[in-house]
1. Test of understanding: what is the full-extension gain from L39 to L64, defined as 0.36 nm times their sequence separation minus their Cα-Cα distance?
2. Treat the count of other C-beta atoms within 10 Å as a stand-in for reagent exposure and order V29, V153 from fewest to most.
3. Evaluate E = 1/(1 + (r/R0)^6) for I157 and E107, where r is the Cβ-Cβ distance and R0 equals 41 Å; express this FRET efficiency to the nearest 0.05.
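Values quoted throughout were computed directly from the atomic coordinates according to the rules given, and no laboratory measurement underlies them. Predicted model, so just to flag it, every value in this text is computed and none were measured. Positions of Cβ are generated from backbone atoms using ideal geometry, with glycine treated the same way; all protein chains shown enter the neighbour counts.
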Amino acid sequence: MSTHSSRIALMTALICLGLLSAAFYLEFVSGLIPCALCLAQRAMFAVIGIACLLYLLPFYGSRLIFGLLSFVSSGLGIWLASRQLWLQSLPEDQVPACGPDIYFILEYFPIFDGLETMFFGSGNCAEVQWTFLNLSISGWTLLFYIFTGSVSVWLIIFRGPRPFRLFKS
């Protein structure tokens, strides 16, 4: 099982790289403008991918740390994607007011205002710009976060055998 864990961690890191590449393609080639929650979700995929790559280090103790980091990031990603889906499901009269974009907020306002906007979203996050098979981008990211969360549980449970030590220290 532990030999499969390394392969699974590598495949998960490659999937995260593919998802980030798709996000950058949608932004820079297709012209979609990401909202604050989209940027936060990208950051979570980057953290999950890096944690899965670091999981491949040959240290037994670090595998638990990086598996937990991937799990926590997946949980936060699930919350972010669910929040955006909730904002998208609101009727138009209940959507929060649109403010300036996140780049403006991060540049001219205190960092905590930018982080609050990033994690709770604004009216910009309620707009559905792209769908595939009747799911928006946030719906697809929610599915991938559920996948990475379950993979993280696998990585935590099946880390491999403890290394043999002649003397316990």
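1. 6.3 nm
2. So the residues, fewest neighbours to most, are V29, V153.
3. Efficiency, from the Cβ-Cβ distance: 0.40.
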